[in-house]
Amino acid sequence: MFSELKNKIYWVGAVDYNTRDFHGFEIPSGTSYNAYLIVDEKIALVDAVKKEFCGDLLAHVRQIVALEKIDYLIVNHVEMDHSGAVPEFLKVAPQVKIICSQKGKEGLLKHYQIADKNFQVVKTGDTLSLGKKTLKFISAPMVHWPDTMFTYCLEDKVLLPNDAFGQHMAHPKRFADEIGEDLCMEEAAKYYANILMPLGNIIIKKIEELEKLGLEVEIIAPSHGAIWRKNISRIIAAYKDWAHFKSKPKVVIVYDTMWESTDKIARHLAEALAQESIEVKLYRLRKNDGSAIVRDILDASVLLIGSPTLNTDMFWTVGGFLTHLRGLKPKNKKVGIFGSYGWAGGASEAIRKEIQALGLEVIEPALEVVYVPCEEELRKIEDYVKVIVRIVQTR
Ligand code: FEO
């Protein structure tokens, strides 16, 4: 069912309740692919949906206008969750002119081999009049792909920023104030951490550019999840904090274990830190959702990585997780290393190299035990906790 955001600007997208994996991002409730129909003397569809949901998109549009009445298809971003339905849409609405960035045009041609005749390439500052409504375009490369742009409805003060400010969340309601703002903020944090974390510098510059342009924004309507129409300064402020890696007194413990020794250390660390009133999150890698771990790392001041030594190296799940983290480029955290080994160690040094390659400071020395932690080694953990508490409290 379609929804009206404001003055004949409609949500006409699709809700995907059943997907649980978005290219590796675990999404327990699913997601939505938001598309918007703007109706004036001319009619524009902003973004499409994933290929499998083209029927939902067309049905929602048909409830408002006939497909042959649509003048423009604005493609803010070519990734297939937003453009997959474009070829099918062009079959039923061949009259539309496609409005996109230069990189968007190249991406659409490469993905779908559609005819290179009906494009209008736009960049920051370009406008499109629909009659009483004016659309303004803002190039936003790398928020999320090089082709990305935002569309802004000038008279209605509605920003359509595609992936930015989104959440991977499926819900029958469309607006954050209906769904629950706190839940939407938490999902937005998880989305930012897993999709946009490495792009923080670009995001900060884009927000500053939007502020300099002096665009008044009353509604932010992203391409995934809830639409922000109340208290929008909250999500904008959160984006600034996340992009600056603003941290809080919080420790995230991420580890794996073979014979429970590293698990014993991890639980001991978590309980001792909690005794000091520090927020602690404990994640054993093979038992937890990696996307939730990444979300918690976003605003943690200390990360503790634990691994047993296996074949003179770190445990493979720890290596995989650190490879994932390398791409996400977290900043502004100190990292402690812990674990157990039997005869020849190796895990701590392997983790240290990965953390240093990430450009993060390692808390030295690593906390290591031989085979199984004995009473004396458990007391060493108490000393280690004191070091971590001092670091957390002085950041
Ligand atoms: Fe939602 Fe970058 O696609």
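Values quoted throughout were computed directly from the atomic coordinates according to the rules given, and no laboratory measurement underlies them. These numbers come from a predicted model, not from an experiment. Positions of Cβ are backbone-derived with ideal geometry, glycine not excepted, and every protein chain shown enters the neighbour counts.
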query = Amide H to amide H, which residues 5 or more places from residue 304 or on other chains are under 5 Å from it, using H placed in the peptide plane?
reply = 252, 253, 254, 336
task = Can you tell me the order of 334-342, 17-25 when each peptide is scored by its average per-residue count of other Cβ atoms within 10 angstrom, highest first?
result = 334-342, 17-25
ask   = Amide H of residue 142: which non-local residues (sequence gap of 5 or more, or other chain) have their own amide H closer than 5 Å, using H built in the peptide plane?
value = 147, 148
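Quick one: net charge around residue 157, please, counting Lys, Arg +1 and Asp, Glu -1 for every other residue with C-beta under 13 Å from its C-beta. Let's see the in-between values first.
Working: positive: 6, 133, 136, 229; negative: 155, 156, 216, 218.
Neighbour charge sum, excluding residue 157 itself: 0.
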message = Taking θ = phi - 60°, what integer Hz values does the Karplus form 6.51 cos²θ - 1.76 cosθ + 1.60 yield along region 305-315, in sequence order, with x for Gly and Pro?
response = 10, x, 7, x, 7, 10, 6, 6, 9, 6, 5
request  = Could you rank the peptides 200-208, 373-381 by their average count of other C-beta atoms within 10 Å per residue, with the highest value first?
outcome  = 200-208, 373-381
request  = Provide the per-residue ³J(HN,Hα) series for region 2-9, in order, calculated from phi with Karplus coefficients 6.51, -1.76, 1.60 and θ = phi - 60°, each as a whole number of Hz, with x at glycine and proline positions.
outcome  = 6, 9, 8, 7, 5, 5, 6, 10
query = For region 90-133, what is Rg from Cα atoms divided by 2.2 N^0.38 Å, rounded to two decimals?
reply = 1.27
query = So what's the net charge close to residue 78: Lys and Arg +1, Asp and Glu -1, counting the other residues with Cβ under 12 Å from its Cβ?
reply = -3
request  = Convert each backbone phi in region 160-174 into a coupling constant with the Karplus relation 6.51 cos²θ - 1.76 cosθ + 1.60 (shift: θ = phi - 60°), then list the ³J(HN,Hα) values in order as whole Hz, x for Gly and Pro.
outcome  = 10, x, 6, 5, 4, 6, x, 8, 8, 8, 9, 7, x, 8, 9
note = The answer for residue 124, listing residues at least 5 apart or on another chain whose modeled amide H is closer than 5 Å to its amide H, is 139
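Pairwise over distinct Cα atoms, reciprocal of the mean inverse distance: report the Kirkwood radius of the chain in Å, one decimal place.
On the way: mean 1/r = 0.0441 Å⁻¹.
After inverting the pairwise mean of 1/r, the radius is 22.7 Å.
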